[in-house]
Amino acid sequence: MKEFSEKVTKSILTGIQPSGVITLGNYIGAIKQMVRMQDEFKSYIFIADMHAITVPQDPVKLHENIRSLVALYLACGIDPDKNIIFIQSENEYHANISWLLECNTPFGELSRMTQFKDKSSKNVNFYAGLFTYPVLMAADILAYDVDYVPVGIDQKQHVELARNIAERFNKKYGDTFKIPDVYITKEGTKVTDLVDPTKKMSKSSENPKGTIRLLDDEASIRKKIMGATTDSDCLIKYDPDNKPGISNLINICVALTGKTASEIEQEFTGKNYGEFKKYVADVVTEEILGIQKRYHEIINSDELDKILDENACVTREIAKNKFMLMKHKMGLYK
Ligand code: TYM
């Protein structure tokens with residue numbers, strides 16, 4: 001079984017859906033934080049494949065995307081010796097715990113989830129799993145008694161729901177779950193769509209020009225950035241309310257270079273949008289091409305299967321213990 005260093009006492013858990021090739025938003029909002037946190041925290045990092053099936057998926061593509069996401073995690077710098085990387089559906093206890101939690105979650109609370117309202121409004125024929133999805137997310141989190149859940153701002157409401165569910169369960173049945181905190185970094189808050197910078201950059205975006213995916217080729221990454229929506233006043237200034245397009249590009253540079261927004265503003269004082277976009281394209285392509293090089297070395301390796309098999313056993317054991325405790329507390333047999 002994987003042993004974490006004794007110095008490491010706090011833990012984190014997070015996951016990404018394999019519903020398409022992950023985006024620069026996922027990278028900046030989630031993966032970079034995980035890489036930064038991996039030396040200080042026990043980290044559980046998983047592929048949320050059971051979340052992906054809450055909307056229709058092509059089975060062949062889904063299967064490919066799952067493996068591809070594991071390889072991308074590693075290529076982005078998530079170290080398999082420091083993190084427990086696993087696939088959600090390989091651990092059946094997540095779904096088992098989710099059912100017990102569903103039976104303790106008011107319908108009204110789930111109806112208020114903004115992501116559900118948004119997704120269900122776009123499609124009349126949605127399935128029950130889309131509605132109960134936040135409870136599965138609570139199960140993912142609560143099974144491991146983690147301290148923090150690093151996510152982008154779009155997932156904050158779901159983590160808050162997990163906290164409410166845990167608090168209510170503890171009150172009703174006695175101490176069962178640790179209450180986790182959401183962890184959001186400023187620069188990872190929200191990377192927005194390049195065409196419509198008022199929307200988040202999303203794997204499922206209808207317009208591919210607005211989304212940079214980590215496996216896009218260099219030419220198309222550059223083209224998308226050079227074509228990003230900006231404004232007409234030709235001032236490189238961080239002002240998300242009035243200049244969402246330019247502010248998004250500055251935000252991306254802050255996250256990838258470590259410079260502050262005001263350092264970038266100063267560097268580009270008097271320069272035009274074309275020059276700034278070229279700089280953004282250089283920064284983004286340098287980062288992504290490095291990731292792609294490592295990705296191609298990893299994607300077909302046996303090492304990947306070994307990591308997943310080992311970690312499936314480790315996480316099953318932990319989640320099984322939590323499930324058994326819940327069953328006992330709720331009066332289920334055994
Ligand atoms: P998902 O797959 O939509 O996104 C994965 C992570 O990426 C962040 N993110 C972004 N951050 C900044 N800008 C963006 N444009 C952007 N797009 C996505 C998300 O906030 C998230 O941190 N339900 C989750 C997956 C999940 C999960 C969990 C996460 C399932 N169980 C338990 C944490 C803990 C989801 O759909 O993420």
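The values are calculated or read from the model by the stated rules, or taken from the named source; none is laboratory data. Predicted model, so just to flag it, every value in this text is computed and none were measured. Ideal geometry is used to build each Cβ from the backbone, glycine not excepted, and the neighbour counts take in all protein chains shown. Protein only, heavy atoms only, side chains kept; ligands, DNA and RNA dropped before computing areas. Shrake-Rupley method; radii C 1.70, N 1.55, O 1.52, S 1.80 Å.
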Residues in region 47-70 reached by a label modelled at A128 [backbone nitrogen below 18 Å; 7 Å Cα→Cβ]: 50-56
Expected 222 nm ellipticity per residue - DSSP helices of 4 or more, -39500 (n - 2.57), all of the chain, to 500: -16000 deg cm²/dmol
Where labels lie 7 Å past Cα in the beta-carbon direction, separation of L62 and S220 in nm: 2.3
Interchain or long-range residues, amide H under 5 Å from T192's placed H: M201
Inter-site label distance for T114 and K199 at 7 Å from Cα along Cβ, in nm: 1.6
Distance histogram in 10 Å bins (all Cα pairs of the chain, percent per bin): 5, 25, 33, 24, 11, 3, 0, 0
Theoretical gain in end-to-end length, N300 to T185 [0.36 nm per residue, Cα-Cα removed]: 38.1 nm
In nm, spacing of pseudo-spin labels at E265 and S232 (7 Å Cα→C-beta vector): 2.4
23 Å Cα-Cα threshold exceeded, pairs from K61/K223; K32/K259; K203/K322; K119/K178; K122/K203: K61/K223; K203/K322; K119/K178
Sites N164 and K10, calculated FRET efficiency, Cβ-Cβ separation with R0 25 Å, nearest 0.05: 0.70
In Å², nearest 10: area of L100 left accessible to a 1.4 Å probe: 10
Environment charge of C103, counting only residues whose C-beta is closer than 14 Å and scoring Lys/Arg +1, Asp/Glu -1: +2
Percentage of interatomic Cα-Cα distances in region 208-295 larger than 16 Å: 51
Helix runs (DSSP H) in the chain reaching 15 Å along axis by Cα, Kyte-Doolittle at least 0.0: 59-75, 128-142, 244-257
At R0 = 22 Å, FRET efficiency that the Cβ-Cβ distance of E310 and E92 yields, to 0.05: 0.80
Using a Förster distance of 45 Å, the FRET efficiency for T257-N104 (Cβ separation, nearest 0.05): 0.50
